[in-house]
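Report on the following structure.
The values are calculated or read from the model by the stated rules, or taken from the named source; none is laboratory data. Because the structure is a prediction, the values reported are computed rather than measured. Because the Cβ atoms are built from the backbone with ideal geometry, glycine has one as well, and the counts that use them run over all protein chains shown.
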Amino acid sequence: MPSVNEELIESAFLAEIRRFGATNEVVAEIKRVIREEVLPDIAETLNRLPFDQLTAQDIRLLDLRNAITDAMGWDRVTSKLEQATIDAARSELDDSYREFRNALPFEWEPTLIAPAQLVNIVMDRPFNNKIMREWFSELQATSQENIYEAFRIGMIEGKSIPQMTKDLLLREYGAFTTGGISRVFDNAEAVARTATTYSSVQTRLAFADQNSDVIKGVQYVATLDDRTTFICMSLHGDVYSLDDVGPIPPQHYNCRSTLAYVTKSWEEMGITGAREVEFFQRYRVTDATRMDGKIATPPDFDVWLKDQPVGTQNTLLGPVRAQMYRDGKIESVKDLVDADGATKLLDQFGVNRAGNPLKDAG
């Protein structure tokens, strides 16, 4: 029978899969709002402008920019992002509660987090020096600029506003399909996924702090597939005590990693000797070894990666690094990043972009 900590790692994987599915629905809804509500409002407003042609130096470009800003109605997107962030926290709290109720070999009622406190944790705590609402505001400003720039390019190329607004809604013009408008969708998706990961991980940390009588730490758990980043590979399996938490997800945009809980042993919880007998009798514990407090080992990323076909290894690491990995010149995925978590460049491995050894400077 697996230990409690082994079960909690598996539960963390399953929670991440559920979160990813829920986030897919959020992303689809946000893109729908942009496509069916935000962009049509912009098109309608621009069609009412008293001009349809501009040049690169035309002072009316400012009118075009202001019209886009005023018509954008981005609060509809922001409100969904905020709600998704809070919903992710609530879902993670429910998952954590169930994980422990199912895994622990005794009856225990976790201390939950009050709803107001939960909102404060995910919305008002800084993430990369900005609180979540500042990230959403920055997304709004970037989206406005991307849309304006796409229209500005089109006008300079001689397109009229009616042509542009039609192309905007049909997504037929290059500046919309591969330029500014595509970036609006891509950036909104990246922020949504990153926000829900941040919300979920912060909830897990808060839950651990609230229940430190049983939980003694957390463990970094990355997703094992061909889209995992070098930094998450290198952190996979790392364990932190609650009073010294190290690098946690999200480490980058679209990060899918999570944290697994690490529980104390019977001894660390103070259940020993006569008290242990009384405790076991009271709660009818049948397998004391399941609560040994030992750190569980998640599926090893190197073991997983070495079993993958060459194509998957090349996709994940890049052809040059993958070949060096197969040749044993890169011994572990942890060697792909430096002490600060930055990706090591190929020249730091002594090769160029073609994989050939660098010539000595002399």
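Quick notes
Conditions tested, residue by residue: (1) crowded, with 16+ Cβ neighbours inside 10 Å; (2) in a helix (DSSP H, G or I).
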site: Glu92; (1), (2): yes, yes
site: Phe100; (1), (2): yes, yes
site: Pro105; (1), (2): yes, no
site: Trp108; (1), (2): no, no
site: Ile113; (1), (2): yes, no
site: Gln117; (1), (2): no, yes
site: Asn120; (1), (2): no, yes
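- Taken together, Met164, Met132 contain a single residue that is in the same structural domain as Ile68 (by TED's automatic domain parsing) and in contact with a Gly (Cβ under 9 Å, 6 or more places away or on another chain), which is Met164.
- Qualifying position, being more than 28 Å from Met164 (Cα to Cα), out of contact with any Ser or Thr (no Cβ under 9 Å at 6 or more places or on another chain), assigned to a helix (DSSP H, G or I) and charged (D, E, K, R), among Glu37, Glu16, Glu6, Glu82: Glu82
- The residues of region 207-227 include none that are crowded, with 21+ Cβ neighbours inside 10 Å, among the β-branched types (Val, Ile, Thr) and outside any strand (DSSP E or B).
- Helices (runs of 4 or more DSSP H) wholly inside region 233-338 containing at least 1 residues that are on the phi > 0 side of the Ramachandran plot and either out of contact with any Asp or Glu (no Cβ under 6 Å at 6 or more places or on another chain) or modelled with pLDDT under 90 (or both): 273-283
- Of the candidates Thr55, Thr69, the single residue that is surrounded by fewer than 18 Cβ atoms within 10 Å (Cβ to Cβ), among the hydroxyl-bearing types (Ser, Thr, Tyr) and more than 32 Å from the chain's Cα centre (by Cα) is Thr55.
- Residues of region 132-149 satisfying the condition of being under 22 Å from the mean Cα position of the chain (by Cα) and surrounded by 15 or more Cβ atoms within 10 Å (Cβ to Cβ): Met132, Trp135, Phe136, Leu139, Gln140, Thr142, Ser143
- Taking the numbered list (1) touching a helix residue (DSSP H, G or I) at 6+ places or on another chain (Cβ under 9 Å); (2) hydrophobic (A, V, I, L, M, F, W, C); (3) closer than 17 Å to Ile181 by Cα in turn, Leu8 passes all entries but (3).
- Annotation note: of Arg204, Arg152, the sole residue that is within 22 Å of the chain's Cα centre (by Cα), in a helix (DSSP H, G or I), in contact (Cβ under 8 Å) with a residue 12 or more places away in the chain and buried (at least 18 other Cβ atoms within 10 Å of the Cβ) is Arg204.
- Count of region 318-341 residues which are touching a residue at least 24 places away in the same chain (Cβ under 8 Å) and hydrophobic (A, V, I, L, M, F, W, C): 5
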